[in-house]
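Reading through the structure tokens given below for one structure.
The values are calculated or read from the model by the stated rules, or taken from the named source; none is laboratory data. Keep in mind that what you see is a predicted model, and the values were worked out from it rather than measured. Because the Cβ atoms are built from the backbone with ideal geometry, glycine has one as well, and the counts that use them run over all protein chains shown.
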Amino acid sequence: MLTDFWTWIMDLGNSKTVALLIFFTTFVGIVIYVYSSRKRSERLESYRYMPLMDEDEADKRVKAAEAARAKGEK
């Protein structure tokens, strides 16, 4: 029985389907994890323009986000 399953997986057409299902469920899981918490979602959205900011402005935003997170945890 295990050998039949192994030969089924080793078939190129079937392995592509299994890989697609694994990667798709992993992707959906990551998206759900990232956007399920409102605080996490807002924090990640605040990082959106970070590559376009000057270093001083980016440092200020990171410090402000860390301070806000520290206040929320207390």
Just one of the numbered conditions (1) assigned by TED's automatic domain parsing to the domain that holds ALA65; (2) surrounded by 10 or more Cβ atoms within 10 Å (Cβ to Cβ) is not true of TRP8; which one?
-> (1)
Report whether or not SER36 is at pLDDT 80 or above, loosely packed, with under 10 Cβ neighbours inside 10 Å and polar (S, T, N, Q).
-> yes
Total residues in the stretch 58-74, condition surrounded by 12 or more Cβ atoms within 10 Å (Cβ to Cβ), of a type in the set (A, V, I, L, M, F, W, C) and at pLDDT 75 or above = 3
Output the number of the condition that GLU55 fails; it satisfies all remaining conditions of (1) surrounded by 12 or more Cβ atoms within 10 Å (Cβ to Cβ); (2) over 14 Å from the mean Cα position of the chain (by Cα).
-> (1)
For the stretch 25-74, what are the residues that are among the β-branched types (Val, Ile, Thr) and out of contact with any helix residue (DSSP H, G or I) (no Cβ under 8 Å at 6 or more places or on another chain)?
-> THR25, THR26, VAL28, ILE30, VAL31, ILE32, VAL62
